[in-house]
Amino acid sequence: MKKISIMVPCYNEEENVEPLSEAIIAMFAKNLPQYDYEILFIDNDSTDTTRVRLRRLCENNPKIKAIFNAKNFGQFNSPYYGILQTTGDCTIPVCADFQDPIDVIPRLVAKWEEGYKIVCAVKSSSKENPIMYFLRTCYYKLIKKMSSVEQIEHFTGFGLYDKSFVQVLRDLKDPIPFIRGIVGELGFKKTEIEYTQAQRRAGKTHNNFFTLYDAAMLSFTSYTKIGLRLATFVGAGVGFISVIVAIVYLILKLIYWDRFAAGMAPLIILVCFLGALQLIFIGLMGEYILSMNKRLMNRPLVVEEERLNFDKK
């Protein structure tokens, strides 16, 4: 009997973990009775009663497992590490807030049985804030055009990964993994299915400007060269223009000395413009260096505090 692993990352999801586990178990009983399963929750140091509820779930069902992180290791490391700890013939990451519909899972499995090693669930529409959905669309299209590797629009990581691809992820040893980019860059034979993203069932989203910025910069610095190339080309172009402006200004000053003798405004404007441009590109290059630095340090993805039910079959 094939085994399917459902991996659920969570942080302060006390209202969702129990209903989600019930929905997954009911789905397997109704739609996938021919498969064995495991449900792995990886908790990113929740401060509410999420862990209490996960302990209760593990006590009542040996097929439910849990990993408790020693601290919050971020929105990318914890889910990625959870995928690596699964033991099924395939792994399906699912958000704890019900935005990844459980009824899509049988469709993912059907495509897997057709021979696809990766099945990407792609949002065709969303019930989230329409402005946010529009901004995400613009971001995906921008990254896709700038990236040197394949990028999948509106793919959040929700999908199915065969155990052979999970082994690739284990061997990768990337300390700051970006699963969406890795799937496009290193993925096996894959296909896509569309779904409508639901609204969060309960609780508040943990995304804010800083987490969204982290996600954008991680994909930007990991899979594009445009930032550094832009700094080079724009810097060269502005430098050339600056030289022309300086020559023209010198000529005008020599011809019209009385008018330009006290005219420092153009020079001040030019210096401020060049200074601002330099600061922007220094910051951009700093993002690349920060990404490189994290990879060179090669710290562990997460540090576990405790794991439950891993000794049970």
At pLDDT 95 or above and small (Gly, Ala, Ser), is that true of SER46? no
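Identify the residue in the range 111-154 that is in a strand (DSSP E or B) and at pLDDT 85 or above and, among all such residues, is farthest from LEU84 (Cα to Cα). Quick ask: steps written out before the conclusion?
To start, the set of residues in the range 111-154 that are in a strand (DSSP E or B) comprises 118-126, 147.
Add one more test, that the residue is at pLDDT 85 or above, and what stays is 118-123.
Values: ILE118: 15, VAL119: 17, CYS120: 18, ALA121: 20, VAL122: 22, LYS123: 25 Å.
Only one residue fits best here, namely LYS123.
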Does the range 17-26 contain at least one residue that is crowded, with 19+ Cβ neighbours inside 10 Å, more than 17 Å from the chain's Cα centre (by Cα) and not β-branched (Val, Ile, Thr)? yes
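Condition check ((1) at pLDDT below 75; (2) among the hydrophobic types (A, V, I, L, M, F, W, C); (3) surrounded by 15 or more Cβ atoms within 10 Å (Cβ to Cβ); (4) in a strand (DSSP E or B)) across all residues:
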| residue | (1), (2), (3), (4) |
| --- | --- |
| THR156 | no, no, yes, yes |
| TYR161 | no, no, yes, yes |
| PHE165 | no, yes, yes, no |
| VAL168 | no, yes, yes, no |
| GLU192 | no, no, yes, yes |
| THR205 | yes, no, no, no |
From the list ARG107, ARG53, pick out the single residue that is of a type in the set (Lys, Arg), more than 21 Å from the chain's Cα centre (by Cα) and over 21 Å from ILE193 (Cα atoms). ARG53
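Identify all residues within the range 88-104 that are farther than 21 Å from ASN44 by Cβ and either more than 21 Å from the chain's Cα centre (by Cα) or crowded, with 23+ Cβ neighbours inside 10 Å (or both); write none if there are none.
Keep residues of the range 88-104 that are farther than 21 Å from ASN44 by Cβ, which gives 88-90, 101-104.
Scanning the range 88-104 gives GLY88, ASP89, CYS90, ASP103.
When you check TYR37 against the structure, is it surrounded by 16 or more Cβ atoms within 10 Å (Cβ to Cβ), under 24 Å from the mean Cα position of the chain (by Cα) and outside any loop (DSSP other than H, G, I, E, B), yes or no?
Working: surrounded by 16 or more Cβ atoms within 10 Å (Cβ to Cβ): yes; under 24 Å from the mean Cα position of the chain (by Cα): no; outside any loop (DSSP other than H, G, I, E, B): yes.
Spelling it out, it is not the case that TYR37 is surrounded by 16 or more Cβ atoms within 10 Å (Cβ to Cβ), under 24 Å from the mean Cα position of the chain (by Cα) and outside any loop (DSSP other than H, G, I, E, B).
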Selection from the range 151-190 of residues of a type in the set (D, E, K, R) and over 15 Å from the mean Cα position of the chain (by Cα) yields ASP162, LYS163, ARG170, ASP171, LYS173, LYS189, LYS190
Reported set for the range 1-21 where residues are closer than 23 Å to ASN31 by Cβ and hydroxyl-bearing (Ser, Thr, Tyr) is SER5, SER21
I'm checking my understanding of the structure. Among residues of the range 59-87 that are among the small types (Gly, Ala, Ser) and either assigned to a strand (DSSP E or B) or touching an Asp or Glu at 6+ places or on another chain (Cβ under 6 Å) (or both), which one is modelled with the highest pLDDT? ALA66
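The values are calculated or read from the model by the stated rules, or taken from the named source; none is laboratory data. Source: prediction; values computed, not measured. So basically every Cβ, Gly included, is an ideal-geometry build from the backbone, and we count neighbours across all protein chains shown.
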